[in-house]
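The values are calculated or read from the model by the stated rules, or taken from the named source; none is laboratory data. Computed from a predicted structure; not experimentally measured. Note that we place each Cβ from the backbone using ideal geometry, even for glycine, and neighbour counts take in every protein chain shown. For the accessible areas, the whole protein counts, side chains as well, though only heavy atoms, and no ligand, DNA or RNA atoms are used. Shrake-Rupley method; radii C 1.70, N 1.55, O 1.52, S 1.80 Å.
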Amino acid sequence: MILLPAIDILGGKAVRLARGAFDEQTVYDADPLDAARRWVAGGARALHVVDLDGARGGAPVNLEHVGRIATEVEVPVQVGGGLRTIESIRGAVAAGASRVVLGTAAFRDVDLLDEALAELGDRVVVSVDARDGRLAAAGWLEQTEIPAESVIEKMGARGVRRFVYSSIERDGMLEGPDLEGAARASDAVRGSFVYSGGVSSVEDLRALKALRRVNLAGVIVGKALYEQRLTVSEAQAALDA
């Protein structure tokens with residue numbers, strides 16, 4: 001399992017939201033590249049970058065920052081946020097994304113998903129963002145009644161093999177991971193996934209590792225790193241243990 005430090009970009013700055021609410025943001029770095037350099041210098045093996053402006057507006061806004069990050073660091077960078085056309089997906093790849101993370105578009109435009117999978121294969125990651133176990137879409141702004149596990153199963157049937165499972169109600173709250181949700185996601189995934197939401201300590205990472213799910217490939221951590229609740233090296237050591 002690997003740690004993926006999160007870099008969420010809003011208005012050109014590295015921020016963290018609370019429970020996905022755009023009006024509850026904290027700015028941590030005026031330049032997202034500073035965060036990227038810090039996490040990689042600390043031992044990060046990959047980065048998870050989200051264009052929050054793109055997620056909210058439906059088209060990428062911060063690919064310039066993605067390009068700067070991908071150029072400056074020597075680790076894989078997976079990128080999501082507003083990738084809802086094949087042109088925007090190609091734009092993210094051209095900017096340096098090692099993998100592209102699709103959310104709303106994957107569920108609402110199966111032709112786009114099929115085209116992306118045909119073109120990029122397992123470089124395509126589908127993000128399943130859940131609130132109370134139900135899918136949230138459009139940059140977390142729209143709540144559905146669709147169980148997250150059924151979405152994962154449907155995406156898997158179309159050939160998706162990489163997922164991100166995010167617990168929105170825990171995101172940015174430092175209240176611990178949704179272990180039950182992670183276990184349910186694991187049961188549905190035919191491939192691999194990374195978990196995101198609520199991690200606040202090394203103990204939280206150990207709890208996720210203790211689930212002993214072979215398809216849980218990594219954990220995305222944001223606020224706990226920015227708030228110095230743990231370091232990248234401590235987190236990765238816990239996942240390596």
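Data table
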{"read-out": "Failed criterion for ILE146 (all others in (1) more than 24 Å from LYS223 (Cα to Cα); (2) at pLDDT 95 or above; (3) surrounded by 17 or more Cβ atoms within 10 Å (Cβ to Cβ) hold)", "value": "(2)"}
{"read-out": "Any hit, segment 211-234, residues being of a type in the set (Ser, Thr, Tyr), open to solvent by 40 Å² or more (accessible area, probe 1.4 Å) and part of a loop (DSSP other than H, G, I, E, B)", "value": "yes"}
{"read-out": "Checking GLU169 against (1) open to solvent by less than 10 Å² (accessible area, probe 1.4 Å); (2) in a helix (DSSP H, G or I), the condition it does not meet", "value": "(1)"}
{"read-out": "Residue within segment 205-216 that is in contact with a Lys or Arg (Cβ under 9 Å, 6 or more places away or on another chain) and not charged (D, E, K, R) present", "value": "yes"}
{"read-out": "Wholly within segment 4-104, strands (runs of 3 or more DSSP E) carrying at least 1 residues that are touching a Phe, Trp or Tyr at 6+ places or on another chain (Cβ under 9 Å) and open to solvent by less than 40 Å² (accessible area, probe 1.4 Å)", "value": "13-18, 21-29, 47-51"}
{"read-out": "Unmet requirement for GLU175, which otherwise passes all of (1) assigned to a loop (DSSP other than H, G, I, E, B); (2) more than 22 Å from VAL199 (Cα to Cα)", "value": "(2)"}
{"read-out": "So GLY198, is it surrounded by fewer than 18 Cβ atoms within 10 Å (Cβ to Cβ) and in contact (Cβ under 8 Å) with a residue 24 or more places away in the chain", "value": "no"}
{"read-out": "Test result for PHE163, under 17 Å from ARG213 (Cα atoms), in contact with a Lys or Arg (Cβ under 8 Å, 6 or more places away or on another chain) and part of a strand (DSSP E or B)", "value": "no"}
{"read-out": "Residue list for segment 160-181, restricted to those being under 18 Å from LEU216 (Cα atoms) and of a type in the set (Gly, Ala, Ser)", "value": "SER166, SER167, GLY176, GLY181"}
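Each row is one residue, and each column tells you yes or no for (1) over 15 Å from the mean Cα position of the chain (by Cα); (2) touching a residue at least 40 places away in the same chain (Cβ under 8 Å).
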{"residue": "LEU83", "(1), (2)": "no, no"}
{"residue": "VAL110", "(1), (2)": "yes, yes"}
{"residue": "GLU119", "(1), (2)": "yes, no"}
{"residue": "VAL151", "(1), (2)": "yes, yes"}
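Conditions tested, residue by residue: (1) at pLDDT 95 or above; (2) over 15 Å from the mean Cα position of the chain (by Cα).
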{"position": "PHE163", "(1), (2)": "yes, no"}
{"position": "SER167", "(1), (2)": "no, no"}
{"position": "VAL194", "(1), (2)": "yes, no"}
{"position": "LEU205", "(1), (2)": "yes, yes"}
{"position": "VAL214", "(1), (2)": "yes, yes"}
{"position": "VAL219", "(1), (2)": "yes, no"}
{"position": "ARG229", "(1), (2)": "yes, yes"}
{"position": "ALA238", "(1), (2)": "yes, yes"}
